[in-house]
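Step one of this worksheet: look at the structure below.
Each reported figure results from applying straightforward, stated rules to the coordinates on display, with no laboratory input. Predicted model, so just to flag it, every value in this text is computed and none were measured. Because the Cβ atoms are built from the backbone with ideal geometry, glycine has one as well, and the counts that use them run over all protein chains shown.
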Amino acid sequence: MNVKLIKTIAVSPVVRSLSIAATALCAGLVCGHVLDAARAETVQISPIYSATGPARVGGPFTLIGTGGEMVSNEDFRGKYMLVYFGYTWCPDVCPGELQKVSDALDELGDLAVRVQPLFITIDPERDTAAVLAEYASHFHRSLIGLTGTREQIKSAAKTYRVLTRKDPRAAGKDYLIAHTSNVFLMDQEGRYVAHFPYGFTVAQMVAGLKGHLDDR
């Protein structure tokens with residue numbers, strides 16, 4: 001599959017409504033299938049559209065950093081953000097996507113200082129600040145892990161249109177969570193620019209980032 005950087009396009013309100021309905025239906029079906037698979041935990045959603053203006057993705061959030069400090073979206077003003085939602089118990093998709101983000105930032109060289117990668121957990125019950133600090137240390141040095149209360153995480157995920165579903169058959173602390181796997185690119189004001197869907201390559205991310213960083 002030729003995965004491309006997806007940007008927002010304008011569509012009519014009617015088409016937008018149909019698109020959202022179809023997305024919700026497909027996401028539910030895929031989610032059900034994913035939870036029956038042995039080691040798959042990613043739910044993909046179709047591109048996000050807006051009737052007018054930029055896509056309604058992203059916005060204010062207040063979460064908890066790996067040092068226990070409160071962190072908000074305002075702390076990253078002036079930098080591009082690469083925002084990814086996942087969890088540390090994710091067996092392969094999350095670490096794979098985060099490794100590609102790390103490799104892309106390495107390839108950007110000096111331009112990487114203008115980009116802040118964020119890993120927001122969807123599993124705050126297991127992903128404490130200490131757990132996230134250890135996990136983030138295995139990826140790019142600038143990666144920041146964020147956790148929070150269940151309500152804070154739910155609010156942030158909703159803002160970024162991220163779907164999650166815990167396996168209903170799970171018991172105790174051994175469970176998988178189906179989730180949307182997109183890396184969101186936000187500009188220096190925290191506005192949505194584009195997203196890299198699951199399966200993107202390092203080369204695609206580097207090209208996409210350079211296309212915006214070189215213009216500024």
Residues of the stretch 72-118 classified as small (G, A, S) and within 17 Å of L209 (Cα to Cα), total: 5
Residue in the stretch 126-139 that is over 22 Å from L176 (Cβ atoms), touching a residue at least 12 places away in the same chain (Cβ under 8 Å) and of a type in the set (S, T, Y) present: no
